[in-house]
Amino acid sequence: MGVPGCESGHSFDAPGRYHRRVASLLTHREMVLSCSRCFPTGGNSPVADAPKEGALALLVAQAPGMTEVKTRLPFTGPAGRRLQGWFEEAGGSRGEIYLSALARCFPGKARGGGDRAPSTAMIRNCRPHLAREFELLRPGIVVPVGGLAIRELLGIGRLAEAVGGTFRRDGVVYVPLPHPSGASTWLNAQENQARLRRSLAALGRLVAEKRLSERKH
């Protein structure tokens with residue numbers, strides 16, 4: 001699995017290259033926000049994270065929600081606040097993780113309530129955006145969030161088989177997390193809460209190691 005068309009396994013560039021990377025990410029964000037691949041006749045509001053000079057990891061979620069359509073930034077709704085709490089528990093901050101997704105436009109509401117999952121076509125159309133972020137960030141730590149992102153990046157079908165563990169692929173360490181949506185009932189089970197705690201502890205260790213490595217350079 002993984003992201004086709006991009007090289008993985010490289011650490012972030014030296015601090016002297018940060019400004020060029022931020023400029024490239026800003027250009028990339030402008031391209032994502034103007035993308036019309038899924039909605040050629042308009043009506044779309046793609047979402048992309050703002051450049052982060054201190055980003056130490058890349059997070060890949062499923063797709064934006066209604067709140068994100070308004071802000072044009074990922075995880076700015078209730079799920080984002082829960083995710084922020086998870087980062088803080090891991091000893092990190094939101095500014096240290098670049099927020100990305102499989103799809104950049106809101107897929108719409110599901111008939112039974114909640115948000116629809118992005119279609120295969122949406123994910124395919126957005127794949128170049130994600131590949132470009134892998135290319136620019138060259139992350140050593142990737143955080144797939146939710147079952148769909150975990151399946152797409154790691155090929156693991158069940159949350160219980162992924163959350164709580166770390167996976168090394170082509171020099172990149174993947175730390176899967178469940179989706180922070182309040183609509184999810186997966187974390188109601190104590191054993192799944194324990195899996196989340198293990199993932200956050202692992203993420204905290206990896207980010208701390210990366211932070212120390214960046215300071216030395």
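Cβ-Cβ distances below 8 Å connect the following pairs, each with a first residue in the stretch 40-53 that is over 30 Å from residue 92 (Cα atoms), a second residue that is loosely packed, with under 14 Cβ neighbours inside 10 Å, and a separation of six or more residues or different chains: 42/36; 44/36.
When the test is whether a residue is at pLDDT 95 or above, outside any helix (DSSP H, G or I) and under 27 Å from residue 124 (Cα atoms), residue 156 passes it. Taken together, the residues in the stretch 2-36 that are assigned to a loop (DSSP other than H, G, I, E, B) and modelled with pLDDT of 90 or more amount to 3.
Suppose the filter is at pLDDT below 95 and buried (at least 19 other Cβ atoms within 10 Å of the Cβ); does residue 216 pass it? So residue 216 fails the test. When you check residue 128 against the structure, is it under 27 Å from residue 26 (Cβ atoms), crowded, with 21+ Cβ neighbours inside 10 Å, modelled with pLDDT of 95 or more and over 12 Å from the mean Cα position of the chain (by Cα), yes or no? So residue 128 fails the test.
Filter the stretch 131-140 down to residues that are over 16 Å from residue 51 (Cβ atoms) and either in contact with a Ser or Thr (Cβ under 9 Å, 6 or more places away or on another chain) or crowded, with 21+ Cβ neighbours inside 10 Å (or both), then give me how many there are.
Matching residues across the stretch 131-140 total 1.
Scanning the stretch 95-117 turns up at least one residue that is within 24 Å of residue 54 (Cα to Cα) and surrounded by fewer than 15 Cβ atoms within 10 Å (Cβ to Cβ).
Okay, residues lined up against (1) closer than 22 Å to residue 75 by Cα; (2) among the β-branched types (Val, Ile, Thr); (3) in contact with a strand residue (DSSP E or B) (Cβ under 8 Å, 6 or more places away or on another chain):
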{"residue": "122", "(1), (2), (3)": "yes, no, no"}
{"residue": "126", "(1), (2), (3)": "yes, no, yes"}
{"residue": "143", "(1), (2), (3)": "yes, yes, yes"}
{"residue": "150", "(1), (2), (3)": "yes, yes, yes"}
{"residue": "155", "(1), (2), (3)": "no, no, no"}
{"residue": "159", "(1), (2), (3)": "yes, no, no"}
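All conditions in (1) of a type in the set (A, V, I, L, M, F, W, C); (2) surrounded by 16 or more Cβ atoms within 10 Å (Cβ to Cβ); (3) more than 26 Å from residue 198 (Cα to Cα) hold for residue 33, with the sole exception of (2).
The residue that is surrounded by the most Cβ atoms within 10 Å (Cβ to Cβ), among those in the stretch 168-206 that are part of a helix (DSSP H, G or I) and touching a helix residue (DSSP H, G or I) at 6+ places or on another chain (Cβ under 6 Å), is 200.
The values are calculated or read from the model by the stated rules, or taken from the named source; none is laboratory data. What you see is a predicted model, and the numbers here were worked out from it, not measured in a lab. Note: ideal-geometry Cβ built from the backbone for every residue, glycine included; neighbour counts use all protein chains shown.
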